[in-house]
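Notes follow the structure.
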Amino acid sequence: MSGTSTPKSAGQSLPPPPAAPVTLRINGQDHHLELAPWTSLLDALREYAGLTGTKKGCDHGQCGACTVLVDGKRINSCLTLAVLQEGADITTIEGLGQEGNLHPLQQAFIDHDAFQCGYCTPGQICSAQGLINEGKAHTEDEIRELMSGNICRCGAYVGILNAVKEVVDKKSIALRS
Amino acid sequence: MSSTTNHVGKAPSRVEGPAKVTGAAKYSAEFNVPDLVYGYVVSSPIAKGKILKIHADKVLAIPGVLQVFSHENVPGLAWFDKSYKDDVAPGGSPFRPLHDDEVKFSMQPVALVVADTFELARYAASILDIEYKESTHETDIEAKRDDGHEPGKGKTGYKPPVRRGNANKGLAKAEQHIKQEYIHGAQHHNPMELFGATVHYHPNGKLTIYDKTQGVYNCQQYVTKVFGLSKEQARVVNLYMGGGFGAGLRPQYELFLSVLAALELKRSVRLSLTRQQMFSFGHRPHTLQTVEMGTGPDGALLGLKHSALHETSRFEEYTENVVNWSGMLYKCPDVHLNYQVAALDVYTPLDMRAPGAATGSFALEVAMDEMAYAAGLDPLEFRRRNYAEEDQNENKPFSSKKLREAYDEGARRFGWDKRPMAPRATKEGNMLVGWGVAGGVWDASMQKAAAKATITADGKLTVSSAAGENGTGTYTIMTQIAAETLGLPMEAVTFKLGDTTLPEAPVQGGSWTAASVGSAVKSTCEALGEKLLKLAQKLGDSPLKGAKFEDVEFVNGQIRLRQDHDQAVVLRDVLQTSGEREIEADSSAMPNPLTMQKYSMHSHNVVFVEVKVDEELGTVHVSRVLNVVAAGRILNQKTARSQVLGSIVWGISMALMEETVMDHRFGRYMNHNYAEYHVPVNADIRDIEVVFVEEEDPHVNPLGVKGIGEVGLLGVAAAITNAVYHATGKRVRQLPIYLDKLL
């Protein structure tokens, strides 16, 4: 196959949309940001709000690394625009727990060595919290299935399963008693 | 009192765990330095041809777009190839981004758009018009079957295959004989973190370059040579790497482009590649292999031939050791190994976890299973009968080899003796059940590395070496080694890495970090220990007076006599009375050429697998994997196990899922995203387990470690393939085993 490619349509390119004030409630705090409307929630968190705990692995909703909680539900933050989340309660990994004050899932991930490089980990943990909020997963098979939107290329799935199971089990024991 | 500061061999959690689980760990594209501008790469849609014109005007007219870099405006840079050669470059001429109008491979970076925001840079890149003149490309290795050649010198670590005896004569004596072809397609590393860099442009013109790399020194060397900078002008930092698997061994084009933009614009620049672009800079090559072997009446291998052919680029000659392992894993008098490459219009392949061995062991170990069946022997028994007591490639004894113990331990735990020999013998409901076995061998390497250690009056120790942390556990094992050497609790020790202001370490690859950097850390802490002993002996009536360094040990925060533990001083007292604010030592470690000459140093493994195959759907479920590894001393049971668990996941992926598919009409990988490039998710992984057999090795290096990042991958894909045969009676010789191969 050979030949000369033609230039793309000579039509006018649209001027980029201007930035406007957007207020996002992240981890219980209001962030007043200047965002163009085409800014994804993921990029708003990482590049504008300085919260780089939320990771970008594909930007297409395929890997789950950017998982955050919006009003308690887990979503891929790369698949929503920041402006659409005004007024919502956004929780990122930074909001779940901090060094010295770890969330039970964070501690369980450390104990079970549920990560290696750590890049998918914030998304895994937010996803696990979302899973617990959904109240669906109880058996190992259910956890495996419902944690399958989060890819871990290091292959730490056994640790992830055991970490999530430990917290789910403790939760159900607490609920029963 | 027994020791509370023996950390090596235990299972402490990762010291960087809290940083990773809270999002506090900073990866390269996350250093939010002030006044950042953003780059976005434009990739070539054609595989071969010329760039006729870059119509940058329309894009440059958009407010906020700062520059479009391309071959049309890149300033004169280093001229000779050697300036672009990194530490692990293969032979040939390294690719130079934005160098000229030539397109050499699909998705080649052809322009970099820089703008005030990421969104704007992405938009501008999407509308940038570029005219190309396409020419005919060749991307299919199948068309090059008769066109391969034996590579020249190859890259570091490449060993041309050694032949011995006369394989044809050996095969002619054989009673049983097999000859088959084995194929796998291209695979891409696909670490979770996108390749990216943040270049901090300081007011004095110096750069701090946060780059995704497995070797900060390798990148510094590249940048200084290409851009004519001094080392002081280009500090390279990588504190955390979101997975590498070999993808970050060589400096990638985000480094070149972001440094170029920072220097030209005199601004701080961030550049992240897209997931699609992650398929544009190196891969495990599509490889065609043939294995032929024959056995005598007792099942002894009499002759073995193994040949391999894979692609390289037009501009570099990539090599990996694919066939050599077949000359050393089993005993065989007559062996013929042949390795060839053929140039195509693709980017140069790139070392990917267990490069060469993952490929070669797949072919060898499936062939061994076929041979065992042809000879009427249990596949594990067949391997035992051909056990290599020495490395026949090099005619040397192994420094240690506990593979037989691994066979025994694995067979016992897996229940291998209950395996029926015949295929299709076990059914559970509508699932055919099969068991398979396979294994591998990998180099136990060591490189030169340096380290520095500083202890302060409060008893806190800081040790540093510019190694990498890509999930392997470097922070943790180095902390363990340092703390144990000086008898401190792990909490008293901080290990620093990934920064060219620290002592030099080799690239993080080849499974050699534990041996290389670990030995340097140990030797440095010992050097510091000698200084501390001297200070301790200066104390008034020191119980250690006259003691030599060999006579004392550092345990529980004390220095004490080995022969009389009551003769001890508290380390912190020594530091405080010495009046010194801090005491420092540096040292390095390198491989011992004498032991290297004398011994063959390798790790081994054996993998047992159970699969369940739905015959109507052709789906394969890996229900059980046991990976038994003999890799010397294990420094941290927890992180080592995780590395091998990860290797098992990789092996399942290689066997059943992973393949980058090229559309040869376009010379382009078509499934270049995470939705279509399949890797396992949590639901794909069932009962997988790891066992380390005890293997003491006094020769391999001062720590007795062999490295475990790669050996665990070997044998997994072959064991799954063999288990599929045992389950179904169908022999698959091309990976991945998609369901069409079983229907």
Open item on the list: I'm trying to understand the selection: among the residues of segment A:123-141, which are surrounded by fewer than 18 Cβ atoms within 10 Å (Cβ to Cβ) and at the interface with another protein chain (Cβ under 10 Å from one of its Cβ atoms)?
Closed with: A:140, A:141
Task: Those residues of segment B:623-645 which are open to solvent by less than 10 Å² (accessible area, probe 1.4 Å), within 14 Å of another protein chain (Cβ to nearest Cβ) and assigned to a strand (DSSP E or B), in sequence order - done: B:625, B:627
Task: Test for residue B:181: is it out of contact with any strand residue (DSSP E or B) (no Cβ under 7 Å at 6 or more places or on another chain) and open to solvent by 10 Å² or more (accessible area, probe 1.4 Å) - done: no
Task: Unique match (being under 23 Å from residue B:371 (Cβ atoms) and either under 18 Å from the mean Cα position of the chain (by Cα) or of a type in the set (A, V, I, L, M, F, W, C) (or both)) among B:742, B:635, B:656 - done: B:742
Open item on the list: On the basis of being part of a helix (DSSP H, G or I) and more than 7 Å from every other protein chain (Cβ to nearest Cβ), does residue A:174 make the cut?
Closed with: yes
Open item on the list: With the condition being of a type in the set (Val, Ile, Thr), I'd like the strands (runs of 3 or more DSSP E) fully within segment B:55-149 carrying at least 3 qualifying residues.
Closed with: B:109-115
TODO: Determine, yes or no, whether residue B:83 is within 9 Å of another protein chain (Cβ to nearest Cβ) and among the hydroxyl-bearing types (Ser, Thr, Tyr).
DONE: no
Open item on the list: Any residue that is part of a loop (DSSP other than H, G, I, E, B), open to solvent by 60 Å² or more (accessible area, probe 1.4 Å) and of a type in the set (A, V, I, L, M) - is there at least one of those in segment B:573-595?
Closed with: yes
Task: Cross-chain or 6+ apart pairs with Cβ under 8 Å, segment B:232-259 first and of a type in the set (Val, Ile, Thr), then in a loop (DSSP other than H, G, I, E, B) - done: B:236/B:213; B:236/B:500; B:237/B:498; B:237/B:500
Task: Candidates B:679, B:649 - the one that is in a helix (DSSP H, G or I), hydrophobic (A, V, I, L, M, F, W, C) and assigned by TED's automatic domain parsing to the domain that holds residue B:438 - done: B:649
- [ ] Could you tell me whether any residue of segment B:69-91 is at pLDDT 95 or above, out of contact with any Lys or Arg (no Cβ under 6 Å at 6 or more places or on another chain) and closer than 15 Å to residue B:270 by Cα?
- [x] yes
TODO: Take segment A:102-122 and flag every residue that is facing chain B (nearest Cβ under 7 Å) and open to solvent by less than 30 Å² (accessible area, probe 1.4 Å).
DONE: A:106, A:109, A:110, A:113, A:115, A:116, A:117, A:118, A:119, A:120, A:121, A:122
TODO: From B:187, B:221, grab the single residue that is within 14 Å of another protein chain (Cβ to nearest Cβ) and polar (S, T, N, Q).
DONE: B:187
Task: Single match in B:326, B:307 (criterion: without any contact (Cβ under 8 Å) to a residue 60 or more places away in the chain and open to solvent by 10 Å² or more (accessible area, probe 1.4 Å)) - done: B:307
Open item on the list: Looking only at segment B:17-41, count every residue that is under 25 Å from residue B:270 (Cα atoms), within 12 Å of chain A (Cβ to nearest Cβ), buried (at least 21 other Cβ atoms within 10 Å of the Cβ) and not aromatic (Phe, Trp, Tyr) and tell me the total.
Closed with: 9
Open item on the list: Among the numbered criteria (1) touching a helix residue (DSSP H, G or I) at 6+ places or on another chain (Cβ under 7 Å); (2) within 14 Å of chain A (Cβ to nearest Cβ); (3) among the small types (Gly, Ala, Ser), which one does residue B:230 miss?
Closed with: (2)
Task: Residue check for residue A:95: in a helix (DSSP H, G or I), within 12 Å of chain B (Cβ to nearest Cβ) and open to solvent by 10 Å² or more (accessible area, probe 1.4 Å) - done: yes
Task: Options B:474, B:479: the member that is open to solvent by less than 10 Å² (accessible area, probe 1.4 Å) and either under 21 Å from the mean Cα position of the chain (by Cα) or in the same structural domain as residue B:211 (by TED's automatic domain parsing) (or both) - done: B:474
- [ ] State yes or no: is residue B:683 buried (at least 24 other Cβ atoms within 10 Å of the Cβ) and either touching a Ser or Thr at 6+ places or on another chain (Cβ under 7 Å) or more than 14 Å from chain A (Cβ to nearest Cβ) (or both)?
- [x] no
- [ ] Kindly list the number of the only condition in (1) open to solvent by less than 10 Å² (accessible area, probe 1.4 Å); (2) assigned to a loop (DSSP other than H, G, I, E, B); (3) in the same structural domain as residue B:73 (by TED's automatic domain parsing) that fails for residue B:45.
- [x] (1)
Task: Restricting segment B:493-513 to residues that are free of Cβ contacts under 8 Å to residues at least 60 places away in the same chain and in contact with a helix residue (DSSP H, G or I) (Cβ under 8 Å, 6 or more places away or on another chain), the residue that is most open to solvent (accessible area, probe 1.4 Å) - done: B:494
TODO: Among the residues of segment B:492-515, count how many are touching a Ser or Thr at 6+ places or on another chain (Cβ under 9 Å) and under 27 Å from residue B:2 (Cβ atoms).
DONE: 4
- [ ] Consider residue A:153 carefully, then state whether it is of a type in the set (D, E, K, R), surrounded by 16 or more Cβ atoms within 10 Å (Cβ to Cβ), away from chain B (no Cβ under 13 Å) and outside any helix (DSSP H, G or I).
- [x] no
TODO: For residues that are outside any loop (DSSP other than H, G, I, E, B) and at pLDDT below 95, scanning just segment A:1-55, find the one that is least open to solvent (accessible area, probe 1.4 Å).
DONE: A:3
Task: Selected residue (criterion: farthest from residue B:273 (Cα to Cα)) from residues of segment B:190-213 that are open to solvent by 10 Å² or more (accessible area, probe 1.4 Å) and within 14 Å of chain A (Cβ to nearest Cβ) - done: B:210
Task: Boolean, residue A:79 is away from every other protein chain (no Cβ under 12 Å) and surrounded by fewer than 21 Cβ atoms within 10 Å (Cβ to Cβ) - done: yes
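The values are calculated or read from the model by the stated rules, or taken from the named source; none is laboratory data. A quick note: this is a predicted structure, and the numbers were derived from the prediction, not measured. We place every Cβ from the backbone using ideal geometry, glycine too, and count neighbours over all the protein chains shown. Ligands, DNA and RNA are excluded from the accessible area calculation, which covers all protein heavy atoms including side chains. Shrake-Rupley method; radii C 1.70, N 1.55, O 1.52, S 1.80 Å.
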